[in-house]
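Visitor: Mind having a look at this structure? Questions to follow.
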Amino acid sequence: MIASNPASAPAKTILFGEHAVVYRQPAIAVPIAGLRAFAEAAPNQNGLRITAADLDIPVNVDTETVDHALALTARLVLKFLNASPPDVTINIRSDIPIASGLGSGAAVSTALARALCDVLGQQIDDTDLNTLIYEVEKIHHGTPSGIDNTVIVYERPVYFIRDQPLETLMIGQPFTLLIGDTGQSASTRAAVAGVRDLYERDPQRVQPMLDAIGEIVRHARSAIEHGDLAALGKLMQRNHDLLRDLTVSSPELDTLVAAAAKAGALGAKLSGGGRGGNMIALVMPELREQVEAALLDAGAVHIYTTEVG
């Protein structure tokens, strides 16, 4: 069965707790509904194929070789559903910048999995799909926290602790985020490995930083649920300083964070793996355009806006 509408999944941004979440500290993340990955199926006579702008791969379900994230996604879906490969081409397209901390890999895999389920006329519930996409995330990130796949599959703001039950967030007051793209791609896998190396070499110095980030996240949850945006902004700044100490910021990220604060943002920080990619700024609606202009002047190549709540 070929679905009439493409399957899709959103981007995500991490508000608090990146990197520390790998060490079982909490993190907060939200979906970005306006940035999405799409997967659309069309019939063919050549078995299951996956295509994108620069990609055309057949899916071999008889091999266990982990050679490509999308091929692995398809194999895991077929295995879970105990289904044979259909004669379809699934075309992937995405508005989400890659290697920028917005969850592009998890979103594309989720959209593909949903499109393949639609073709087969079967469904995988979100709990099982989340587990499946987490396995695929290991290709992208090595030792992923699981936060990307969780936010993207469920498409809800979440308070996340690795290996603990999912908690959704109550939003006390809607708030506006600007996402500033440095234009520099960065490997989350490499950044995670860098922090792990730092931790293994000097755990007595690094562990207190991770603990401090965890405490910031817990305070941020309270601020979000009580609608205290001023407190939320201050916590963002503190989180960014600690991430910089963990070596995952960059001169470009620091420049954008400083520019946002100078222009009137309540707070700003890097988001995601760091060392490039994106930062986020918490802004009052009346200052959105002012902060956006400051970010562009400071070197941001794209600005995305999302409303939380």
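The values are calculated or read from the model by the stated rules, or taken from the named source; none is laboratory data. What you are looking at is a predicted structure, and each value in this text was computed from that prediction instead of being measured. Cβ coordinates were reconstructed from backbone atoms using ideal geometry, including for glycine residues, and neighbour counts include every protein chain displayed. Accessible surface areas use protein heavy atoms only, side chains included; no ligands, DNA or RNA. Shrake-Rupley method; radii C 1.70, N 1.55, O 1.52, S 1.80 Å.
Visitor: Averaged per residue, what accessible area in Å² does the stretch 182-242 show with a 1.4 Å probe, protein chains only?
Guide: Working: 3010 Å² over 61 residues.
Here the per-residue accessible area is 49 Å².
Visitor: Set the Förster distance to 30 Å, then compute FRET efficiency between D297 and A230 from the Cβ-Cβ distance, nearest 0.05. All intermediate terms of the calculation are to be shown ahead of the outcome.
Guide: On the way: r = 25 Å, r/R0 = 0.84.
Step by step, r from the Cβ atoms, then E = 0.75.
Visitor: Mind giving me the FRET efficiency for D197 and I2? R0 is 51 Å, r the Cβ-Cβ distance, nearest 0.05 is fine.
Guide: Working: r = 47 Å, r/R0 = 0.93.
For D197 and I2, the calculated efficiency is 0.60.
Visitor: What size of dipole, in debye to the nearest 20, comes out for the chain about its Cα centre when the only charges are +1 on Lys and Arg C-beta atoms and -1 on Asp and Glu C-beta atoms? Walk me through the intermediate numbers first.
Guide: Details: 24 positive and 36 negative charges, 83 e Å.
Magnitude of the dipole: close to 400 debye.
Visitor: Let me ask something additional. What relative contact order, as a whole-number percentage, does the stretch 186-267 give when Cα pairs under 8 Å and 6 or more residues apart are counted? Intermediate results must be reported in sequence, preceding the final value.
Guide: Values: 41 pairs, mean separation 25.1, N = 82.
Dividing the mean separation by the residue count of the stretch 186-267 yields 31 percent.
Visitor: Let me ask you something else. I'd like the carbon and sulfur percentage of the solvent accessible area for the chain, probe radius 1.4 Å, heavy atoms only, ligands and nucleic acids excluded. Walk me through the numbers on the way to the answer.
Guide: Values: 6420 of 13010 Å².
Summing carbon and sulfur atoms, their accessible area is 49 percent of the total for the chain.
Visitor: Using 0.36 nm per residue of separation minus the Cα-Cα distance, give me the extension gain between S185 and D241 in nm, one decimal. Intermediate results must be reported in sequence, preceding the final value.
Guide: Values: separation 56, 0.36 × 56 = 20.16 nm, distance 2.12 nm.
Result for the pair: 18.0 nm of gain on full extension.
Visitor: Same structure again: How big is the charge dipole of the stretch 96-148 about its Cα centre, in debye rounded to the nearest 20, if each Lys and Arg gets +1 on its Cβ and each Asp and Glu gets -1 on its Cβ?
Guide: Numbers: 2 positive and 7 negative charges, 38 e Å.
For the stretch 96-148, the charge dipole is close to 180 debye.
Visitor: For the chain, what is the relative contact order in percent, using Cα pairs closer than 8 Å and at least 6 residues apart in sequence? Walk me through the numbers before you get to the answer.
Guide: Values: 674 pairs, mean separation 69.4, N = 309.
Across the chain, relative contact order equals 22 percent.
Visitor: For the chain, what is the calculated [θ] at 222 nm in deg cm²/dmol (nearest 500), taking -39500 (n - 2.57) for each run of four or more DSSP H residues and dividing by its residue count?
Guide: Taken over the chain, the calculation gives -14000 deg cm²/dmol.
Visitor: Beta carbons within 10 angstrom, averaged per residue: use that to sort the peptides 95-102, 196-203, highest first. Kindly include the intermediate steps, with their values, before the conclusion.
Guide: On the way: 95-102: 21.4, 196-203: 12.8.
Descending packing order for the listed peptides: 95-102, 196-203.
Visitor: Assuming R0 = 22 Å, can you tell me the calculated FRET efficiency for the pair N82 and E135, based on Cβ-Cβ distance, to the nearest 0.05? Please list the in-between numbers first.
Guide: On the way: r = 17 Å, r/R0 = 0.78.
The formula returns an efficiency of 0.80 here.
Visitor: Return the subset of K234/K262; K79/K138; K12/K79; K12/K269 for which the Cα-Cα distance in this structure is over 21 Å, preserving the input order. Walk me through the numbers before you get to the answer.
Guide: Working: K234/K262 14 Å; K79/K138 18 Å; K12/K79 27 Å; K12/K269 15 Å.
The pairs that break the limit, which is 21 Å between Cα atoms, are K12/K79.
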